[in-house]
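> Pasting in a structure now, in C-alpha cells, and then I'll have a few things to ask.
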Amino acid sequence: MSDKNDNVRVRFAPSPTGALHIGGGHTALFNWLWARHNNGKFILRIEDTDLARSTKEYEQTIMSGMKWLGLDWDEGPDIGGDYGPYRQSERLEIYREYANKLVDEGKAYKDGEAIIFKVEPGQDISFNDIVYGQINVMSDGLKEQNSDKLKDIVIIKSDGMPTYNYAVVIDDHLMKMTHVIRGEDHISNTPKQILIYRALGWDVPEFAHLPMILGRDKKKLSKRHGATSIYEYRDMGYMPDSMFNFLALLGWSAGDDKEIFTRPQAAEWFELSRVTKKAAVFDFDKLNYINQEHLKALDPMVRLSMIKPFWIEAGLPVSEHDDKYLADALTLMAGRGRTAKEMAEFSDYFVSFEPVKARWTPEGLDKEKLNEFFAELFASSEWKAEALENIARNFITSHEGAKMKDYAMPLRFALTGMKVSPGIFEVAQLMGKDECEKRVKYFFG
Ligand code: GLU
C-alpha cells in the first residue's frame with residue numbers, strides 16, 4: 001500500500017544550455033511520476049543563470065522534448081503559477097534579498113561585489129536520501145582544494161548572478177518543494193544546500209537522487225554510446241510511449257514482471273522507495289523490444305500517424321491512398337519492425353511499386369510455368385486471401401512435383417520485393433487485384 005499525499009510538489013530544473021538529453025528526460029520523468037502518483041504538482045523551473053550559455057531556443061527545445069514524452073507540468077515559465085517567476089534570471093531580486101539577510105545576520109560576508117556564505121566547522125550535515133540511504137557528511141569536510149582550510153560557499157558572484165547551490169535552495173523553499181528528485185551527480189552538492197537551508201531557518205525537503213545511467217560498456221552514458229538527445233530517438237522512429245516506458249524502467253521496476261505499460265499505469269504503480277541506486281544500463285535491445293510491443297498494441301489509425309512521416313520522408317506517395325488501406329497494411333505488418341522507421345521501410349511496397357522494382361529482378365525462373373499459376377490466380381472470382389490460397393493449393397496438387405514455395409516466393413517478390421512479408425495472399429487481398437496484376441505483369445508479362 002502506498003500513502004499518497006497530494007501536497008507533494010516536485011520540480012524539474014533544467015539549465016537551458018542544450019537539448020533535452022536522456023539523463024534530463026529521465027529526471028523529469030521520475031519527478032512527473034512522483035507528482036502524478038500522489039496527485040501532487042509537477043513544476044518546471046528554468047535555471048538560466050549561466051547567461052552566456054542559456055538560450056530561449058534551448059528552453060523551447062527542452063519544453064517540447066518534455067511534451068513529446070508526455071510530461072505535462074502544472075506550473076512553469078510558459079503557464080505561470082502561484083510561486084513564479086519560474087525562470088531564475090527573473091528572480092534576481094529575491095536572491096539578493098536573502099543574501100543581504102544572511103550578510104546582516106553575520107552568516108555571509110561581502111568580498112567585493114560577491115557574497116560568500118560562511119561555512120562553520122563542526123556541523124553535521126548528514127542526510128537520509130530516499131534512494132541512497134544515509135549519507136554522512138561533516139562541514140569540516142568542505143575544504144578548499146588541496147588545503148585544510150574550510151571552503152566558504154559563493155552565493156552571489158561578482159557579476160550579481162546567484163550560484164546554483166544557493167539559488168536552488170531559495171527556489172526550492174519558496175516554491176514549496178516537498179521532494180528534490182535529481183541525478184546522483186548532485187549528491188555532493190546536497191550538504192552545502194542543507195547548510196543554507198539551516199542558516200535561513202528553513203525546513204529541508206526530502207532528497208531522492210537517481211542512479212547514474214550507463215552505456216552497455218558500463219561507462220557513463222555519453223555521445224560515444226550513440227544518440228543522447230530525446231529528439232534523436234524520435235527521429236529514429238521510437239515512439240514517445242515507448243521512450244517513456246523505457247526511461248521509467250531505468251532504475252525502477254514496476255514489479256511482477258510488468259514491463260510494458262502506459263503512463264497512467266506507471267504513475268499509479270510508481271514508488272520512490274522502489275528506485276534503486278544501482279546504476280542503470282541503457283540497453284538498446286530492450287528499447288527495441290519495448291518499442292515493438294507498443295507499436296503492436298497501437299490503435300491502427302494512431303499507428304498510421306506514427307509511420308506516415310517516415311514514408312513521406314522516403315518520398316513515397318502516401319496521399320494516393322486512403323488512410324483505411326494504409327492502416328490495414330500496418331495492421332498486417334504488426335510485430336514487424338522494431339521502430340516506426342523500420343516498420344515504414346519494411347512496408348514501403350504497400351505505398352508504391354517503385355521500391356519493389358528497384359529491389360528485385362526475376363532471374364532463373366520458369367516464367368511459363370509461373371504464368372500458368374498466375375493466370376489461375378487472376379481468374380479467381382473472389383479476390384480474398386482464403387480463395388487465393390485454395391487456388392494455389394489446388395494448383396500445387398494438380399501439378400506433379402510442384403511446391404508451394406516455388407510459386408509463392410516469386411509472387412511475394414513481385415508484390416513486395418522482399419524475402420519476408422506478411423502472408424502473401426493477405427498482402428494480395430489488401431493490395432487489390434488490379435495492383436497485383438500490374439506488378440506481376442511488369443515482372444512476368
Ligand atoms: N539546473 C540543475 C541541473 O540541471 C538542477 C539540479 C537540481 O535539480 O537541483 O543539473
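> Quick one: grab the alpha carbon gyration tensor of region 31-93, order the square roots of its eigenvalues as a ≥ b ≥ c, and give me rounded if a/c is under 1.5, else prolate or oblate depending on whether a/b is larger than b/c. Write out the running numbers ahead of the final one.
Numbers: a/c = 2.51, a/b = 1.42, b/c = 1.77.
Since a/c reaches 1.5 but b/c is at least a/b, the shape of region 31-93 is classed as oblate.
> Which aspartates and glutamates, on any chain, are close to residue 286 with Cα under 20 Å apart, when same-chain ones fewer than 8 places away are left out?
Cross-link targets: 217, 232, 235, 241, 256, 257, 259, 342.
> May I pose another question? Taking other Cβ within 10 Å of each residue's Cβ, how do 439, 234 sort, fewest first? The partial results should precede the final answer.
Numbers: 439 22, 234 18.
Arranged by neighbour count, lowest to highest, 439, 234 become 234, 439.
> I'd like the distance between the alpha-carbon centres of region 197-242 and region 4-22, rounded to an integer number of Å.
Cα centroid to Cα centroid, the span is 11 Å.
> If you don't mind, another one. Using Cα pairs under 8 angstrom and six or more residues apart, how large is the relative contact order of region 33-137, in percent?
On the way: 86 pairs, mean separation 19.3, N = 105.
RCO, region 33-137: 18 percent.
> Further question on the same structure: For region 303-445, what's the radius of gyration and Dmax over Cα atoms, in angstrom?
Expressed in Å, the Cα Rg and Dmax of region 303-445 come to 15.3, 48.
> Subtracting the Cα-Cα distance from 0.36 nm times the residue separation, let me have the gained length for residue 64 to residue 359 in nm, one decimal. Walk me through the numbers before you get to the answer.
On the way: separation 295, 0.36 × 295 = 106.20 nm, distance 3.83 nm.
Answer, rounded to one decimal: 102.4 nm.
> Going by Cα centres, region 53-105 and region 278-324 are how many Å apart?
Here the two parts' Cα centres lie 34 Å apart.
> What is the helix-to-structure angle for 433-444, meaning the angle in degrees between its Cα long axis and the longest Cα principal axis of the chain, kept from 0 to 90 and rounded to the nearest 10?
Roughly 70 degrees, rounded to the nearest 10.
> Does region 238-283 classify as rounded, prolate or oblate by the C-alpha gyration tensor (a ≥ b ≥ c root eigenvalues; a/c under 1.5 gives rounded; else a/b over b/c gives prolate, otherwise oblate)? Walk me through the numbers on the way to the answer.
Values: a/c = 1.89, a/b = 1.14, b/c = 1.66.
Note, shape of region 238-283 comes out oblate.
> Out of all Cα-Cα pairs in the chain, roughly what percent, to the nearest whole number, are more than 38 Å apart?
On the way: 41218 of 98790 pairs.
I get 42 percent for the Cα pairs in the chain exceeding 38 Å.
> Right, next: Which of the residue pairs 41/220; 324/405; 384/433; 41/192; 176/277 have a Cα-Cα distance greater than 20 Å in the structure shown? Write down the numbers at each step before the final one.
Numbers: 41/220 31 Å; 324/405 30 Å; 384/433 9 Å; 41/192 26 Å; 176/277 26 Å.
In this structure, 41/220; 324/405; 41/192; 176/277 lie more than 20 Å apart at Cα.
> Then there's this: Given 56/308; 258/278; 341/403; 367/403; 56/157, which pairs have Cα atoms separated by over 26 Å?
On the way: 56/308 31 Å; 258/278 19 Å; 341/403 35 Å; 367/403 15 Å; 56/157 23 Å.
Over 26 Å Cα-Cα: 56/308; 341/403.
> A further question on this structure: If one takes the longest principal axis of the Cα atoms in the chain, at what angle in degrees, from 0 to 90 and to the nearest 10, does the Cα axis of helix 56-69 lie?
Tilt of helix 56-69: around 60 degrees.
> At 222 nm, what value in deg cm²/dmol follows for the chain if DSSP H runs of at least 4 each add -39500 (n - 2.57) and the sum is divided by all its residues, to the nearest 500? Mind showing how you got there, number by number?
Details: 19 runs with 202 residues, N = 445.
Estimated from H runs of four or more residues: -13500 deg cm²/dmol.
> Stokes-Einstein D for region 209-324 at 20 °C, 1.002 mPa s, Kirkwood Rh over Cα pairs, in µm²/s?
Values: Rh = 16.0 Å.
This corresponds to a translational diffusion coefficient of 134 µm²/s.
> Oh, and also: Could the peptides 293-305, 145-157 be put in order, highest first, of the mean number of other beta-carbon atoms found within 10 Å of their residues? Please list the in-between numbers first.
Details: 293-305: 16.9, 145-157: 13.9.
Answer by packing, highest mean first, reads 293-305, 145-157.
> Tell me, in nm to one decimal, what length is gained between residue 94 and residue 140 on full extension, where the rule is 0.36 nm per residue of separation less the Cα-Cα distance? Could you put the intermediate results ahead of the total?
Working: separation 46, 0.36 × 46 = 16.56 nm, distance 2.94 nm.
Length difference between fully extended and current span is 13.6 nm.
> For the pair residue 202 and residue 409, how long in nm is the line joining their label points, each one 7 Å along Cα→Cβ?
7.2
> Over all distinct Cα pairs, what is the inverse of the mean 1/r for region 276-375, reported as the Kirkwood hydrodynamic radius in Å? Each step should come with its number before you reach the end.
Details: mean 1/r = 0.0634 Å⁻¹.
Answer for region 276-375: a Kirkwood hydrodynamic radius of 15.8 Å.
> Once you order the gyration tensor axes a ≥ b ≥ c over the Cα atoms, which shape class does region 81-198 get: rounded for a/c under 1.5, otherwise prolate or oblate by comparing a/b with b/c? Mind dumping the intermediate values first?
On the way: a/c = 1.93, a/b = 1.08, b/c = 1.78.
It is oblate, given that a/c is not under 1.5 and a/b is not larger than b/c.
> Specify the angular offset, from 0 to 90 degrees and rounded to the nearest 10, of the alpha carbon long axis of helix 385-398 from the longest principal axis of the alpha carbons in the chain.
With both axes taken from Cα atoms, the answer is about 50 degrees.
Bear in mind these aren't lab numbers, they're just calculated from the coordinates by the rules spelled out. What you see is a predicted model, and the numbers here were worked out from it, not measured in a lab. Neighbour counts run over all protein chains shown; Cβ positions are idealised from the backbone, glycine included.
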